[in-house]
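Take a look at the structure below.
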Amino acid sequence: GNSVTQMEGPVTLSEEAFLTINCTYTATGYPSLFWYVQYPGEGLQLLLKATKADDKGSNKGFEATYRKETTSFHLEKGSVQVSDSAVYFCALRVGGGNKLTFGTGTQLKVEL
Amino acid sequence: DTAVSQTPKYLVTQMGNDKSIKCEQNLGHDTMYWYKQDSKKFLKIMFSYNNKELIINETVPNRFSPKSPDKAHLNLHINSLELGDSAVYFCASSQEGGRINSPLHFGNGTRLTVT
C-alpha cells in the first residue's frame, strides 16, 4: 500500500535557523508528492508539490525535491521565522484521483 | 468569502446523541471530502463525493453518513456518538475533472468533543 513517514516533532528552532523536515514514502505506482501546512486553528493549506522525479517544489522560501532513488521529499527552508510555526504534513497521491495519503505531521515551533 | 466553510466550529455533545456537521464550498469544485484528524494530528480520509456521487468510502462505522444535496455541499451526520468519535473533522474540496487535479482546499475544521 501507500504510506508516508515523517520525522516526529515537535521541532523547535530559533528564528533564522535552517529547517529540514524529513519525509519518506512507499507507493504502489508513481506518486505525486505534497507538503501541506496547518496553522493553529485552521485547515491545511497546500505549501508546495512535485509531480515527477527530480522536480523541486518551492513556495514562501520552502523547498522540497522529489528524490525517486531515495523515495524522499524532505522539506527545507534556509531561514525560518516565528510565523512559520505550524504543523507540516507530507502527503502523496497515486493515480488520477485526489485521495491523499498523509504523514503524521511534524510540529514546528520557531522562537525568537 | 471563505472558500470552504464548515459549521459548527466547536461541537460538544454527550454519548449516544446524533449530530450533524455542515460543509459548503464556493470554489465551483466538483469533489468534496471529509477527513478526520485525531488528537495526534493524524489525518485520515473518510469519504469523498464527486458531483454528488460517493466515490471514496473508507472503513468508517456506518454510524457516519455523508449527504451531498448538491456538489457545493457535503454534510456529515453521526448517529449514536461515542467517546472515540472525538476529533477534528475537516471538510475539503478539489476539482477532479480535466487533466490536472487541483489541490485540496480545506475548511477550518470542526472540533467534536463527546463526553
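FYI, it's all coordinate maths here, none of it is from the lab. None of the values given here were measured: they were computed from a predicted structure. A quick note on method: Cβ atoms are made from the backbone with ideal geometry, for glycine too, and the neighbour counts reach across all protein chains shown.
Report D for chain B in µm² per second (integer): Stokes-Einstein, Kirkwood Rh on Cα pairs, 25 °C, 0.890 mPa s. The partial results should precede the final answer.
On the way: Rh = 14.1 Å.
Translational diffusion coefficient: 174 µm²/s.
Net charge dipole, chain A: roughly 500 debye, given to the nearest 20, about the Cα centre with Cβ charges of +1 for Lys and Arg and -1 for Asp and Glu. Would you mind checking the pairs A:Lys49/B:Lys22; A:Lys60/B:Lys36; A:Lys99/B:Lys44; A:Lys109/B:Lys41 and listing those with alpha carbons more than 19 angstrom apart? From A:Lys49/B:Lys22; A:Lys60/B:Lys36; A:Lys99/B:Lys44; A:Lys109/B:Lys41, over 19 Å: A:Lys49/B:Lys22; A:Lys60/B:Lys36.
Its Cα centre serving as origin, the protein assembly as shown has a Cβ charge dipole (Lys and Arg +1, Asp and Glu -1) of approximately 400 debye.
For chain A, the residue among A:Tyr66, A:Val80, A:Gly9 whose Cα projects farthest onto the positive side of the dipole built from Cβ charges is A:Tyr66.
Give me the lysines in straight-line cross-link reach of A:Lys52: C-alpha distance below 16 Å, same-chain residues under 8 apart excluded. Those lysines meeting the cut-off are A:Lys68.
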